[in-house]
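J.: After the C-alpha cells below, expect a handful of questions from me.
What follows draws every value from the coordinates through simple rules; no lab data is involved. Source: prediction; values computed, not measured. Cβ atoms come from the backbone with ideal geometry, glycine included; neighbour counts cover every protein chain shown.
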Amino acid sequence: MKVRGGEESGGRSGARSGRGAPVRTFRDLVAWQRAMELAEAVYQATKRLPDSERFGLSMQLRRAAVSIPSNIAEGHARQARADFLRFLRMARGSVAEVGTQVELSTRLHLLEPDPQLHDLIAEVARILQALIRSLEHKERHT
C-alpha cells in the first residue's frame with residue numbers, strides 16, 4: 001500500500017512513508033484517499049438515477065459509498081491494530097455492497113455501464129485487501 005509518495009501505514013506500527021514521514025492521520029492513507037474518490041464518483045453517478053430511485057438505490061448506494069472512507073478513518077483513529085482491521089473489513093464489505101448496487105443499477109438500465117466506476121470499485125477493493133493482509137501478517141508476527 002502506498003501513501004503520497006510511499007508506503008501505507010498499518011495503524012500504529014511506526015510505519016513511514018517512502019519519504020521517511022510517518023503516516024500521521026487517516027488522510028495519509030491511500031486506501032482512504034481512493035475511497036473518497038469512489039464516494040465522490042458514486043454521488044456523481046447517483047445524480048443520473050431517475051427520481052423514482054431517490055429514496056431507493058440512490059440513497060443505499062450513497063450510504064454504502066460514504067461508509068467506506070468513514071470506516072477506514074474511524075478504524076485508523078482508534079489506534080489499535082485489531083480495531084483497525086475490524087473497520088477495514090467493514091469497509092471491504094461496503095465496497096462489495098457498492099459494486100453489487102452499481103451492477104444492479106446497470107442491469108436494470110438505471111445507469112449506463114461505467115468502466116471507470118467499476119475500475120475504481122475494484123481498485124479500492126484490492127487496496128483494502130492488501131492492507132488487511134499486511135496488518136494480519138504483522139499481527140501474526142508480533
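J.: Determine whether region 116-128 contains at least one residue that is within 20 Å of THR46 (Cβ to Cβ) and small (Gly, Ala, Ser).
T.: yes
J.: Filter region 66-87 for residues that are touching a Phe, Trp or Tyr at 6+ places or on another chain (Cβ under 7 Å) and closer than 18 Å to MET36 by Cα and give the result.
T.: Result: PRO69, ASN71, ILE72, ALA73, GLU74, GLY75, HIS76, ALA77.
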